[in-house]
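Written below as structure tokens is the structure these notes are about.
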């Protein structure tokens with residue numbers, strides 16, 4: 001069940017516990033997409049949030065849980081004024097070295113259909129969010145980040161311009 005708690009006129013919270021299986025993940029992303037109307041988010045912010053969340057949840061599933069479809073994940077999203085703050089918690093494997101990957105931007109010189117699989121996620125996460133933090137506490141991974149929604153986000157998805165400068 002989606003918890004919709006309005007703390008103040010400019011504050012809203014989305015909180016969900018779910019499994020890392022693809023059906024549960026899709027259900028949560030859909031529920032959060034419905035929540036965007038309540039959060040009154042501009043299209044650019046929605047696109048950025050969807051990209052970041054998809055990358056983060058994919059990383060949790062693929063690396064923290066090694067592709068297992070039954071690992072628990074918790075997501076908390078809080079919209080306050082011009083930002084949406086997120087925290088995701090999982091019980092999977094700790095990030096290598098106990099730290100976030102650098103996520104350096106890759107320069108791609110090939111056609112879209114020839115793109116390599118992987119290597120773009122952390123770069124996208126870092127470019128589309130701020131205040132990215134990771135800690136391991138009591139056997140859990142805690143990842144938090146913020147997406148700005150104050151109108152400075154573009155009205156379209158950033159994905160093509162991040163990977164293909166000048167697109």
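Among the residues of the range 30-74, those identified as touching a residue at least 60 places away in the same chain (Cβ under 8 Å) and either in a loop (DSSP other than H, G, I, E, B) or under 17 Å from residue 95 (Cα atoms) (or both) are 41, 42, 55, 56, 58, 59, 60, 64.
With the structure loaded, tell me whether residue 155 is touching a helix residue (DSSP H, G or I) at 6+ places or on another chain (Cβ under 7 Å), modelled with pLDDT of 55 or more, loosely packed, with under 12 Cβ neighbours inside 10 Å and assigned to a loop (DSSP other than H, G, I, E, B) or whether it fails that test. Here the answer is no, as residue 155 does not meet what is asked. For the range 1-29, the candidate set comprises residues that are outside any strand (DSSP E or B) and over 19 Å from the mean Cα position of the chain (by Cα); within that set, the residue that is modelled with the highest pLDDT is 10.
Here is a yes/no grid of residues against (1) in contact with a strand residue (DSSP E or B) (Cβ under 9 Å, 6 or more places away or on another chain); (2) loosely packed, with under 15 Cβ neighbours inside 10 Å; (3) farther than 13 Å from residue 74 by Cα:
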position	(1), (2), (3)
12	yes, no, yes
20	yes, no, no
24	yes, no, no
38	yes, yes, yes
45	yes, no, yes
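Results for (1) under 15 Å from residue 63 (Cβ atoms); (2) within 18 Å of the chain's Cα centre (by Cα); (3) at pLDDT below 90; (4) not in a strand (DSSP E or B), shown as yes or no for each residue.
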| residue | (1), (2), (3), (4) |
| --- | --- |
| 76 | no, yes, no, no |
| 92 | yes, yes, no, yes |
| 104 | no, yes, yes, yes |
| 117 | yes, no, yes, yes |
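The values are calculated or read from the model by the stated rules, or taken from the named source; none is laboratory data. Quick caveat, the model's predicted, so the values are computed rather than measured. Glycine also receives a Cβ, built like all others from the backbone with ideal geometry; neighbour counts cover every protein chain displayed.
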